[in-house]
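Some notes on the structure that comes next.
The values are calculated or read from the model by the stated rules, or taken from the named source; none is laboratory data. The model shown is predicted, which means the values in this text are computed figures rather than measured ones. All Cβ positions, even for glycine, are placed from backbone atoms using ideal geometry, and neighbour counts span all protein chains on display.
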């Protein structure tokens, strides 16, 4: 029973990667904002699917940071990050 919920969590995190990588101008800004957004989304998905919110935070945070760090600011630009 646990394996399907973890699989669902991973698939949902991967499906949201383009949206998570959109904030910031520099690679570092994009990695931080993507990681924070991914961690929040992962925690919510983990809790909703009956899985562990902690596992969701880890998977979503890593996936979001990777998406933010590996994409270009020219691809998706949602504006200046709140901390700048």
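Some values worked out for this structure:
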{"item": "The range 44-74: number of residues that are more than 26 Å from residue 26 (Cα to Cα), assigned to a helix (DSSP H, G or I) and either more than 15 Å from the chain's Cα centre (by Cα) or without any contact (Cβ under 8 Å) to a residue 24 or more places away in the chain (or both)", "result": "5"}
{"item": "Some residue of the range 5-18 being closer than 23 Å to residue 71 by Cα, at pLDDT 85 or above and touching a helix residue (DSSP H, G or I) at 6+ places or on another chain (Cβ under 9 Å)", "result": "no"}
{"item": "Only one of 50, 54 that is modelled with pLDDT of 80 or more, on the phi > 0 side of the Ramachandran plot and surrounded by fewer than 19 Cβ atoms within 10 Å (Cβ to Cβ)", "result": "50"}
